[in-house]
Each structure stands twice: as C-alpha cells, then as structure tokens.
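What follows is one structure encoded as structure tokens, with my remarks underneath.
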Amino acid sequence: MGLPDSSGGFLSELDVDAFRRLFPLQFYESHLVKSKRPDGRSLAKARETSSALGAVASADGSALVKIGSTTMLAAIKMEVMTPSKESPDEGCIAIEFYMPPICSPIVRPGRPADTAPVVSKQLSDTILSSGMINLKELSLISGKAAWMAYLDIYCLDADGALFDAALLSAVAAFSHLQIPVVSMNDEGKVVVVSEENEGGKEPVNKEKRKLTLCSIPFSLTCILYKNYILADPTAEEESIMETLVTVVLDSSGQLVSLYKPGGPVLAYTSAIQDCVALTRQRVRELQTILDEATAGMEVD
C-alpha cells in the first residue's frame with residue numbers, strides 16, 4: 001500500500017518510489033512512527049539468517065552465510081610454519097576480508113573498498129581477544145612446527161551489517177575446520193599428508209581433528225536515529241541514518257567489544273544498554289543457527 005498524500009489519498013507505487021529516492025529520511029520516518037520498517041520488519045528484528053558449512057571443497061574449513069541479502073563466503077587454508085621464538089608453542093591466524101566489485105555498486109573495479117581493511121582489523125581483534133581459539137592447539141612440535149590458519153572472507157553481496165555477517169561466517173568456517181594430518185619427511189620437515197604420500201613416516205597427528213572453540217563471539221549492529229534503535233540495518237538504512245553501534249558478546253553473554261565509528265547521534269548509556277539487550281537475544285538466535293549447521297557433522 002502507498003503512503004498518504006497531502007489530500008488524504010494514497011500515492012501510487014511509482015510516486016512512493018520517487019518519494020523514497022528524493023526524501024529518504026522522511027520516507028523512513030513515516031514508517032518508524034509506526035514501529036515498522038519498509039521491509040516489514042519491526043525495529044528490533046534481524047533479517048532471515050542462514051549458514052551452510054563446507055561451501056568450498058578445496059578448503060580445510062568453509063562456510064557460506066547469509067543475513068538477508070548480505071552474503072559472505074569464508075574459507076580456511078592451513079599451512080605448516082615455524083613458530084616465533086616468543087611463542088614457540090602457538091600457531092597463528094591471519095584474516096583477510098575482501099569486497100570485490102560484484103558485492104556493491106559503490107565498489108569500483110581496480111579501487112579497493114575503504115571498508116575492507118577496517119572489517120579485517122575488527123575481525124582479527126574480535127576473534128583473538130574473545131579467546132575463541134586457543135593458539136596452543138595449533139602447535140605441532142614445540143619451537144619447530146605449528147599451524148598458520150589463513151582465513152579469507154569474500155563479501156558477495158554487501159547489503160548492510162557487513163561485520164555481523166563476516167564474523168558469523170568466520171565462526172562457522174572454524175566450526176567446520178578439519179585440521180589435516182601431517183608427518184615428518186626425510187628432510188626432517190613437517191608436511192601435510194596427502195593421499196599420494198600417506199605411506200611415508202609415522203604421522204605427527206594421527207587423524208584429522210577439529211578445534212575446540214570457546215567463548216564464541218557473535219555481534220549485532222544497530223542504528224541509532226533520534227529515539228529509535230534499528231537492529232541489523234540494510235545498506236540503504238546505513239547510508240541514510242549514519243550512526244552505527246556494533247556490540248559483540250560471547251556465547252556466555254560476556255561483552256567482548258563495542259564499536260561506534262562516529263556518527264551524528266550520541267550513544268547515551270540507555271541506548272547502549274538497549275543495544276546490548278538486543279544483542280543478547282540475537283546471540284541466542286545465532287547460536288541456534290550455528291548448532292543446527294554443525295549438528296551431525298563428522299570428520300571424514
């Protein structure tokens with residue numbers, strides 16, 4: 001149904017579309033006063049979310065995640081490295097976030113998206129500070145060999161809440177991760193055992209295994225606009241109402257981080273508390289989605 005015009009009638013769909021483009025704030029405010037959004041959601045409701053594990057057959061762990069139209073493909077490749085002298089019993093994690101031109105009309109070919117390195121840094125800080133992964137689990141031989149986990153996340157459709165979808169895809173990929181079997185070759189180097197060379201020396205680790213994930217972080221991005229709080233915004237909502245707050249909680253409900261990259265609206269204590277409360281609800285939803293995706297998954 002269209003919007004009411006000045007004469008009390010209703011504007012046609014064409015007129016509504018023109019009004020939305022010319023006066024986006026007024027268009028949204030006409031919905032917000034009814035506690036509704038143009039896509040039919042309530043202000044506190046997140047979009048439909050799904051997670052599919054094993055999306056990339058050549059990766060050691062992978063996941064395809066969708067939050068609304070926002071789509072992320074995460075893949076992990078494991079490589080053997082020499083650990084640092086400072087942390088001889090720990091492996092490493094390297095995270096990169098990519099936004100190819102196909103993900104959004106504002107991303108131009110040949111020009112890296114400004115958002116990509118920011119999200120990469122946020123992901124690295126969140127995953128490492130949350131304690132989700134014990135880096136000692138990535139050790140193979142103290143001081144000689146450890147795992148380097150390369151996590152690459154590709155944004156296939158950037159329709160808002162990019163960090164939330166990227167973090168969920170990272171968590172799902174690590175949940176799916178199967179650490180390869182390795183052995184010592186004739187030169188004394190630790191190498192991954194493949195089907196071609198599995199008849200060699202005794203494996204260092206007997207079989208593929210999964211990581212033990214603790215304090216799994218989940219996030220929710222909210223928009224603050226006047227007295228309204230909009231959970232899980234679309235790209236259009238983010239471009240119109242520019243004040244964002246991202247809350248990250250772990251699976252036990254503990255605060256991991258809070259991120260507010262500027263914006264014209266001040267984040268008062270009451271607003272932050274409301275955002276945290278919405279995030280607690282969202283964590284339960286995302287944990288259920290992740291549990292359903294990993295249920296029955298076995299190491300080959």
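The values are calculated or read from the model by the stated rules, or taken from the named source; none is laboratory data. Note that this is a predicted model, so its numbers are computed, not measured. No Cβ is skipped: glycine too gets one built from the backbone with ideal geometry, and neighbour counts run over all protein chains shown. We work out accessible area using only protein heavy atoms, side chains counted, and drop any ligands, DNA or RNA first. Shrake-Rupley method; radii C 1.70, N 1.55, O 1.52, S 1.80 Å.
Put the Cα centre of segment 227-287 next to the Cα centre of segment 134-173 and the gap is 23 Å. Taking the helices alone, the chain has a mean residue ellipticity at 222 nm of -9000 deg cm²/dmol, built from -39,500 (n - 2.57) per DSSP H run of at least 4 residues and averaged over all its residues. On segment 40-299, 52 percent of the accessible area sits on carbon and sulfur atoms, based on a 1.4 Å probe. Each 20 Å bin, from zero up to the one with the longest distance, holds this percent of the alpha carbon pairs of the chain: 30, 50, 16, 3, 0.
Net charge of the neighbourhood of LYS34, taken over other residues with C-beta under 15 Å away and scored Lys/Arg +1, Asp/Glu -1, is +3. Dipole magnitude for the chain: about 680 debye, using +1 per Lys or Arg Cβ and -1 per Asp or Glu Cβ, origin at the Cα centre. Put simply, when 236-247, 126-137 are sorted by average Cβ atoms within 10 angstrom per residue, most first, you get 236-247, 126-137. Here is what passes the span test in the chain: the DSSP H helices with alpha carbon length of 20 Å or more along the helix axis and a Kyte-Doolittle mean of -1.0 or above are 115-130, 162-176, 269-294.
Per residue, how large is the accessible surface of segment 40-299? Use a 1.4 angstrom probe and give square angstrom. Before the final figure, lay out each step's value.
Details: 12630 Å² over 260 residues.
Per-residue value: 49 Å².
Count the lysine pairs in segment 40-299 whose Cα atoms sit under 21 Å apart, keeping only pairs 8 or more residues apart in sequence or on different chains. Going through segment 40-299 pair by pair, I get 27.
Each Lys and Arg Cβ is given +1 and each Asp and Glu Cβ -1; about its Cα centre, segment 18-61 then shows a dipole of about 360 debye.
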